[in-house]
Amino acid sequence: MTLSEMRRWIDQRGLQLTKSLGQNFLHDGNQLRRIVAAAAFQDDDRILEIGPGLGPLTELLLATGRPVRALELDARLCEVLRERFAQSPNLELIQTDALRWLQQNPADWSSWKLVANLPYSVGSPILVELALNPTPPRAIVATLQLEVVQRLLAAPDTSAYGVLTVLVGLQFDATGHFKIARDCFFPAPDVDSACVTLVRRAQPLLPPALVPIGAQIVKTAFSQRRKMLRKLLRTQWPEDRLTAALAACGIAETARAETVPIPTWAALTRHLAGPPAQI
Ligand code: SAM
């Protein structure tokens, strides 16, 4: 879909683009093809797209012949998509708030890949929602604000390392990313963007049953970044159990959350939440 085609649809329908819905459409063919290539589709993959907009990415995803489920909030854009893709039986288009829909429709996403230029206002919560799912997608190829991608890639002991890094990192490995220039979008956004590839870990760091408790531990420990994590977790765990778990995981009594690597969060969760015999 070229920029002039995009403008034509917008003009013909008299569409007023909504900034709060992150309606910056990607018209650069090279970047769109890079995104699809990053998804490295295998035969039985199913595709979830969130925020298809006018459908520049949807078009390429449908061309793979795989089932595509697209969740778009804006009814006017859904009308355009229905018209553009009337001849595409592999498209299932749902007009909905994607975050709420994911929360209300718990599903097994294990044979799916999310490929999306995400609405930036809900990008992080959508990633967390999928990462906390007991059966997360095989892969996520998401275009996001550059600053969010930096948080996903962050190493411990940096200011970008935080709850998002750890919750997503417990389930996924970040295997690549590339920046996308502002002028690849119409209209050009106020922030820089990047596309990141997250591949579900072959060996999950936590069994699904412990993921919710792991998330609670991580959120509590990061709730006040400057405080020692032991002091924060002491409000929820008995002192003796906490002391033993920290020692077993090699976490210093004085450590702050941002110093703890992702696998150690998994170990700490197992020690705190697992049966006492494991300690
Ligand atoms: N994929 C298109 C592209 O690359 O040109 C559009 C991407 S645009 C950044 C984000 C899209 O997400 C918009 O179409 C917007 O209407 C839609 N959107 C915003 N919030 C949403 C939500 N909560 N649920 C579903 N779609 C949403």
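The values are calculated or read from the model by the stated rules, or taken from the named source; none is laboratory data. Just so it is clear, the model here is predicted, and its values are computed rather than measured. Heads up, the Cβs are rebuilt from the backbone with ideal geometry, glycines too, and the neighbour counts pull from every protein chain shown. SASA here: full protein model, heavy atoms, side chains in, ligands and nucleic acids out. Shrake-Rupley method; radii C 1.70, N 1.55, O 1.52, S 1.80 Å.
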Quiz prompt | Accessible area of TRP109 in the full protein assembly, 1.4 Å probe (Å², nearest 10) | solution = 10
Quiz prompt | Residue among LYS231, LYS179, LYS113 with the largest mean-square fluctuation in a Gaussian network model of the chain, springs linking Cα atoms under 10 Å | solution = LYS231
Quiz item: When the chain is fully extended, how far beyond the present Cα-Cα distance does ASP108 get from SER121, taking 0.36 nm per residue of separation?
Solution: 2.2 nm
Quiz item: With all protein chains present and a 1.4 Å probe, how do VAL218, VAL128 order by accessible area, largest first?
Solution: VAL128, VAL218
Exercise. Report the Stokes-Einstein translational diffusion coefficient (µm² s⁻¹, integer) for the chain, Rh taken as the Kirkwood radius over Cα pairs, at 10 °C with viscosity 1.306 mPa s.
Key: 79
Practice problem: Determine the order of LEU210, LEU130 by accessible area, beginning with the largest, at a probe radius of 1.4 Å. | Solution: LEU210, LEU130
Quiz item: By the scheme Lys and Arg +1, Asp and Glu -1, what is the net charge of all other residues having a beta-carbon under 11 Å from that of LEU198?
Solution: +3
Exercise. Determine the order of ASP74, ASP11 by accessible area, beginning with the largest, at a probe radius of 1.4 Å.
Key: ASP11, ASP74
Self-check item: Calculated FRET efficiency for the pair THR235/ASP11, C-beta based, R₀ 51 Å, to 0.05
Solution: 0.35
Practice problem: Please list the non-local residues whose amide H lies under 5 Å from the amide H of TRP109, H modeled 1.01 Å from N, same-chain partners needing a gap of 5 or more. | Solution: THR135
Exercise. Could you name the lysines whose alpha carbon sits less than 28 Å from that of LYS219, not counting residues in the same chain fewer than 8 places away?
Key: LYS113, LYS227, LYS231
Quiz item: Using a Gaussian network for the chain with springs between C-alpha atoms less than 10 Å apart, which of these wobbles most: PRO89, PRO67, PRO136?
Solution: PRO89
Quiz prompt | Interatomic Cα distance distribution for segment 208-273, bins of 10 angstrom, percent | solution = 23, 64, 12
Practice problem: With a probe of 1.4 Å, find how much accessible area the chain has per residue, and write the answer as a whole number in Å². | Solution: 46
Exercise. Two decimals is fine: what is log10 I(q)/I(0) at q = 0.13, 0.15, 0.18, 0.21 Å⁻¹ for segment 1-76, from a Debye sum with one equal scatterer on every Cα and no solvent?
Key: -0.42, -0.56, -0.78, -1.02
Exercise. Using amide H atoms built 1.01 Å from N in the peptide plane, name the residues 5+ places from LEU26, or on other chains, whose amide H lies under 5 Å from its own.
Key: PHE186
Quiz item: What accessible surface, in Å², does a 1.4 Å probe find on MET1, ignoring ligands, DNA and RNA and rounding to the nearest 10?
Solution: 30
Practice problem: Give, as a single signed number, the net charge of other residues whose beta carbon lies under 15 Å from the beta carbon of ILE213, with Lys and Arg counted +1 and Asp and Glu -1. | Solution: +3
Quiz item: Per the 1.4 Å probe, what fraction of the accessible area of the chain, in percent, lies on carbon and sulfur atoms?
Solution: 51
Quiz item: Taking the alpha-carbon set of segment 154-221, what are its Rg and Dmax in Å?
Solution: 15.4, 44
Quiz prompt | Cβ-based net charge around GLN103, under 10 Å, with every Lys or Arg adding one and every Asp or Glu removing one | solution = -1
Self-check item: segment 132-181 and segment 20-78: distance between their alpha carbon centers, rounded to Å
Solution: 19
